[in-house]
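A short worksheet on the structure shown next.
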Amino acid sequence: MSTSPFRPLNMSIQIFRRGLYSRRQPARKMEQPYDYNRKWTLTPKFEANPHPRIKLLSYNILAQDLLMEHLFLYVNIKQQWLTWQQRLQSLHREIHKLDPDILCLQEMQYDHLPMLVQRLTASSGKRLEYVYKKKTGSRTDGCAIIYDACKLQLLAQQGVELYDANVPLLNRENVALLAKFRLKPVGQTKVINEPKEVIIATTHLLYNPKRHDVRCAQVTKLLSELRSFAIDANAKQPDEAYPTPVILTGDFNSEIHAPPMELLTTIAVDDPALNFEALDFGEYTASTYQDNWITVDYILHSVCPQNKQKLQVLSIYRLPTINCCSNVGNIPNHYLGSDHYALGAIFALT
C-alpha cells in the first residue's frame, strides 16, 4: 500500500492546498460515444439571472480498492477498462469537459486524490484546492470536495463520521463532508455589498439494499450535523440565526421514494430551517446499475423562506434514460471511468 503523505491521519478531516498552476491546454475533441445524448437543460431565467453562479458536479467515481475487492461484479467488463490508469484517464476527460467550479466525489481513494487534482489543474488552468474525509475503520476511500480557489473562499469545513459505537444502527464506516464557501468578486467587481455564502455537503450512505433502517439513522445524524453547521453562530438574536443555503450531494443508495430520501425531502413544519428539495434529472433515467438501472445519486438544495440568500436552479445535467443505459451496457467502459453516472447542476445565489 502506498505511503503517500496525503493519507489522512487519525481518520480526521484533512485539508490540502496545493498551489498547482499551469497554462491552459487546448481541449481535445471528445469522442462522440462519450456523451450518450446527455444534455444540459436551462431554466427560462438562465440568461437573465445576474447573480453569482456555481457549477457543481457530484460523482461516485468507484474507488479502485473497492473495485478489486468486488471484482466479481465486473466480470463482463474488459480488464483493461478496470485499471486505475484507464479509469483515471476517462474520469479526467469527463470532468475536464464538464468544467465544474465545485466537484463532490464519493468513493475517492485517498492515495489517488492528489494525482486527479493535479491532472485537473493542469488541464483547466484553475487553482484547485480540496478537503477530504476518509471513511472510518480500514477503508481507503471517502468523500472529497474539490473547488476553484480563484472563485471560492473556504470559510469552514467539517468531517462527519456516521459511525457511533453507542447507537446500534450506526455501526458502519460511512462518512460525510461539509464545507462552507464565500464567493469571491469576479471581473471588475471589487466589492460585494452582501457576501454570498453557501454550504456544500456530500456523503455516501450504506449500500445494503435491505437496510433502509441504517440509512435512515445515517440521514438523521447527517441532518443534525448540517443544522449545527449551517446556522449562523454570529447572529445577534436567535430569530436572526438563519441557516446558510445548503447544497447536499452524494450516493444515498436509495431510490427517491425510499424512506431515507423521504426523510430528507419531507417538509418539517416544526423545523423549517433546513428542508430539502431534490433536483429532477429527468423521467425514466438512471445513475447506476443495481440488479436494474436505477437512480440512487442525488443533488438536493435547502429551502428556507427566512433565508436572506436563496439558491435558484438555473440548469441541470440530465441523467441518461434507462433505455440509453441499457444500450450503452456495463460501466465502466472505454469512455466512462465509473459504475455511476455523474450529476451536474448550475445554481445562482440570489
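The values are calculated or read from the model by the stated rules, or taken from the named source; none is laboratory data. Values in this document were obtained by computation on a predicted structure and should not be read as measured data. Quick reminder, even Gly has a Cβ in these numbers, built from the backbone with ideal geometry, and neighbours come from all protein chains shown. Please note that ligands, DNA and RNA were not included when accessible areas were found on the heavy atoms of the full protein model with its side chains. Shrake-Rupley method; radii C 1.70, N 1.55, O 1.52, S 1.80 Å.
Order 41-51, 313-323 from most to least packed using the mean count of other Cβ atoms within 10 Å. Write down the numbers at each step before the final one.
Values: 41-51: 11.8, 313-323: 19.3.
Answer by packing, highest mean first, reads 313-323, 41-51.
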On the accessible surface of region 84-143, probed at 1.4 Å with all protein chains in place, carbon and sulfur together account for a percent value of 44 percent
Region 266-350: Rg/Rh from Cα coordinates, Kirkwood Rh?
1.08
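Dividing the convex hull volume of the Cα atoms of region 59-189 by its residue count, what figure in Å³ per residue is obtained? Kindly include the intermediate steps, with their values, before the conclusion.
On the way: hull volume 15.6 nm³, N = 131.
For region 59-189, the hull spanned by Cα atoms encloses 119 Å³ per residue.
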Amide H partners (placed H, <5 Å) of LEU170, local residues excluded:
ASP164
GLU255 accessible area, assembled protein chains, probe 1.4 Å, Å²
100 Å²
With N denoting the number of residues in region 97-146, provide Rg(C-alpha) divided by 2.2 N^0.38 Å, to two decimal places.
1.16
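Pairs to check: LYS39/LYS221; LYS126/LYS308; LYS55/LYS135. Give those whose C-alpha atoms are more than 32 Å from each other in this structure.
Numbers: LYS39/LYS221 35 Å; LYS126/LYS308 30 Å; LYS55/LYS135 26 Å.
From LYS39/LYS221; LYS126/LYS308; LYS55/LYS135, over 32 Å: LYS39/LYS221.
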Using each residue's phi in region 337-350, evaluate 6.51 cos²θ - 1.76 cosθ + 1.60 at θ = phi - 60° and report the 3J(HN,Hα) Karplus result to the nearest Hz, with x for Gly and Pro.
x, 10, 9, 10, 9, 6, 10, x, 7, 10, 10, 10, 9, 9
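Using a 1.4 Å probe and counting only protein heavy atoms, arrange HIS96, HIS204 so the residue with the most accessible area comes first.
Numbers: HIS96 50, HIS204 15 Å².
The ranking, largest first, comes out as HIS96, HIS204.
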Can you give the FRET efficiency to the nearest 0.05 for GLN118 and ASN76, using r as the Cβ-Cβ distance and R₀ = 35 Å?
0.60
Please identify which residues in region 292-322 have an amide N closer than 17 Å to a label point set 7 Å out from the Cα of ASN49, following the Cα→Cβ vector.
299-305, 307-318
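Taking 0.36 nm per intervening residue step and subtracting the Cα-Cα distance, what contour gain separates ARG227 from SER138 on full extension?
On the way: separation 89, 0.36 × 89 = 32.04 nm, distance 2.89 nm.
The span from ARG227 to SER138 would gain 29.2 nm if fully extended.
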